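Structure first, commentary second.
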Amino acid sequence: MATVLIGNSYVTAWEISPGVAKALDRATSYLVAGHFFDPRFKRKIWDGREHLMQKLLDPGSYRLPVGLIDVVRKILREHDVPVTYGIAKAQAKPPKLDLPWQGPELRGYQREAVAAFMDPKRTQSLSRGILDMPIRSGKTLTAAAVAHELGTTTIFLVPSQLLLEQTAKAFRKALKTDVGIIGKGIWDPKGVTIASVQMLVARRGKSIFTAKPEYRALAGKFGLVIFDELHHLTGPVWHKVILDIDARYRLGLSATVFLEDNHEIERGVIWLKACTGDVVYKVSASRLVGEGHLLRPDVRLHRVTEPDLSDWKDWSQALKDRGIYMNGGRNQLITDLVVEHVGLGRRTLVVSKSLKQVASLVTRIKAAGIECKSMTGSTPGPQRQKLIAKFIAGDLLVIVGTVFGEGVDIPECEAVINADGGRDKKATVQRMRCLTPSPGKKGAYVDDFMDSTNPYLARHSLERLKVYREEPAFKVRMIPART
C-alpha cells in the first residue's frame, strides 16, 4: 500500500511502483515554451519538459510540490493504487493573528473570490489555489480580505519595487495592523509582511541550508503566503523561495494565467501551478466591463503588409527587427496613431520591449511636433515618478517605454499602442493599462497590428487577436493596410 504525506510545501509518496512512478512523472512534467530552441533539446539530451517529481533515496519514494496533490490523487486512482493519505504535523496549526478589516466593502466578484479560496468543501486542495482576476480588478484588496478571514500571519511576495510600495499601501489601508517590509534595502518583517522576491532570493543563495540566518528564521513564521504575478519572473530560484516558506495556506494572484496551454507552458506558469495548485476562481474582464468596474476598450488591429518578408523561412531576431522594431512604415503608422490620439486629448502609452524601437519612435513623435518622453528599465525611480506625475496631470500626453507591465497603475491613461507585436498572451493582457475608469476619462483605446509581412509575424498577430476576441465585451476592429 502506498503512503502519501501532505505537507505545507511538498507531497511525499512512498511505496510507489516503477510503472506508477513513470505515470506520475509524465503527469507532473510539462513541455516548456520555446524548448525547441534550447541546444540541449536539439542535441537530444533533454526532452523539453520541466520535471517536477524528485526521486528520494528510499526505493519507491518521491517528492513533489504540494500544488500537484490533485494530480497525484488522480494518477493513483487511475492505477487502482491502495493508498493512505496523511497530513504533516507542520501544517496543523498556522500562527494566529488578529487582522481587523478597515478597508472598503468588497465588490461582488471579490467576495466570490474570497469565498472560493476559503470553501471548506475543497478538502483535496487544502486551501491552496490561484485567483485569476483581470488587471485593475482589485486583486491586492481581495488578497488582504483572505488574510483577514484566515486571521494568520501573512507574507505577500511581489516581483518589483513598484509593486512593493503599492501593495504595502493597500494592505495598510485594508487591515488594521503594522505592515513589515522586506525590500529596497529594508529587512523589517512583521506579522504581515510585503517582500521583494529579489531580496529574498539574494538572502537565500543557492540553498536554504546555506542561506542567511534571517532568511531561515523567516521561512517558518507565516501561515499564509501570497504571490502576485511572480510567474513572469525569469531565473530558477524564485519558486524555491515560495516552497521554502512553510505556510499552510498558499494563494497565487494573476491576470495572466494560461494553464490551458497544454502543448507548451512557460516555465513560470508551470511552477505557479506546482506551488499553489489550480485556478479556484476566475472572473472575466467582460463581466467587470458589464458591471462598470472597467471601461469597454475599442481595440483596433491595423494591417501591415510592408516590407514583404515572406521569403524569411526561419524565426530570428533579425526578422523581428525588420518586420517590427525597425520597420519604418510600421513605426510611422504608430507615430500617426499617436498624433491622432493626442489631437483628441488622450494620454497615450506606447509599449515596446526594444530600446531601439523606443528611441526611433521618440524621434519620430518629436519630429511630428509632440512632446514625449521615454521610460525604460534604466530610468531612475524618481524620474519615473516625475514622468508619471506629469502624465497624470496632463502636462505630458505621450510616454514611450518598456516598463508598462504589471505594477504600473495609471488610471488616467486613455490609449495604449502595442508597438511590440509578439505572441505572448500575458504581455498582450498586461499592456492594456487603459481600462480603469477615471474622472473625466471618456474611453479606453488599444491599437495593435496585424503584421502580414511574414508567416511567423502573422501567426503572432493572430494569437493577440484571439486574446482580444475572447472577451465578448471588447470592441475589436480590423483596419485595412494603408495604400
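The values are calculated or read from the model by the stated rules, or taken from the named source; none is laboratory data. Please read these numbers as outputs of a predicted model, since none were measured by experiment. Using ideal geometry, Cβ is built from the backbone for each residue, glycine included, and neighbour counts are taken over all protein chains shown.
Quick look at the values:
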read-out	value
Which numbered condition residue 166 fails, given (1) touching a residue at least 40 places away in the same chain (Cβ under 8 Å); (2) closer than 18 Å to residue 100 by Cβ; (3) surrounded by fewer than 21 Cβ atoms within 10 Å (Cβ to Cβ)	(2)
Region 221-246, subset in contact with a Lys or Arg (Cβ under 8 Å, 6 or more places away or on another chain) and assigned to a loop (DSSP other than H, G, I, E, B), residue modelled with the lowest pLDDT	237
Residue under evaluation residue 302, criteria (1) at pLDDT 95 or above; (2) part of a helix (DSSP H, G or I), criterion not met	(2)
Residues of region 42-72 that turn out to be buried (at least 16 other Cβ atoms within 10 Å of the Cβ) and among the basic types (Lys, Arg), as a count	2
Qualifying residue in region 78-93 (condition: surrounded by 15 or more Cβ atoms within 10 Å (Cβ to Cβ) and within 26 Å of the chain's Cα centre (by Cα))	no
Residue in region 272-296 that is nearest to residue 28 (Cα to Cα), counting only those that are out of contact with any helix residue (DSSP H, G or I) (no Cβ under 6 Å at 6 or more places or on another chain) and of a type in the set (A, V, I, L, M)	279
Given (1) among the small types (Gly, Ala, Ser); (2) part of a loop (DSSP other than H, G, I, E, B); (3) touching a Ser or Thr at 6+ places or on another chain (Cβ under 7 Å), index of the condition residue 323 fails	(2)
Residue 131 vs. criteria modelled with pLDDT of 90 or more, in contact with a Leu (Cβ under 6 Å, 6 or more places away or on another chain) and crowded, with 18+ Cβ neighbours inside 10 Å	yes
Strands (runs of 3 or more DSSP E) enclosed by region 364-483 - at least 2 residues per element that are modelled with pLDDT of 95 or more and either farther than 23 Å from residue 328 by Cα or not hydroxyl-bearing (Ser, Thr, Tyr) (or both)	398-401, 415-418, 444-451, 475-479
Filter result for residue 71 (in contact with a helix residue (DSSP H, G or I) (Cβ under 8 Å, 6 or more places away or on another chain), under 30 Å from residue 151 (Cα atoms), in contact (Cβ under 8 Å) with a residue 24 or more places away in the chain and not assigned by TED's automatic domain parsing to the domain that holds residue 220)	yes
Residue within region 110-124 that is under 21 Å from residue 10 (Cα atoms), modelled with pLDDT under 90 and crowded, with 20+ Cβ neighbours inside 10 Å present	no
From 409, 395, residue being surrounded by fewer than 17 Cβ atoms within 10 Å (Cβ to Cβ), on the phi < 0 side of the Ramachandran plot and touching a residue at least 40 places away in the same chain (Cβ under 8 Å)	409
Filter result for the condition that a residue is loosely packed, with under 14 Cβ neighbours inside 10 Å, farther than 27 Å from residue 435 by Cα and free of Cβ contacts under 8 Å to residues at least 12 places away in the same chain, over 356, 313	313
Test: residue in region 12-23 that is surrounded by 18 or more Cβ atoms within 10 Å (Cβ to Cβ), among the aliphatic types (A, V, I, L, M), within 11 Å of residue 72 (Cβ to Cβ) and touching a strand residue (DSSP E or B) at 6+ places or on another chain (Cβ under 7 Å)	yes
Some residue of region 307-330 being more than 24 Å from residue 417 (Cβ to Cβ), touching a Gly at 6+ places or on another chain (Cβ under 6 Å) and of a type outside the set (A, V, I, L, M, F, W, C)	no
Cross-chain or 6+ apart pairs with Cβ under 7 Å, region 44-57 first and part of a loop (DSSP other than H, G, I, E, B), then of a type in the set (Ser, Thr, Tyr)	52/28; 52/29; 53/28; 53/62; 56/62
Residue that is surrounded by the fewest Cβ atoms within 10 Å (Cβ to Cβ) [pool: residues in region 326-347 that are touching a Cys at 6+ places or on another chain (Cβ under 9 Å) and part of a loop (DSSP other than H, G, I, E, B)]	346
Check on residue 171, crowded, with 19+ Cβ neighbours inside 10 Å and closer than 17 Å to residue 241 by Cβ	no
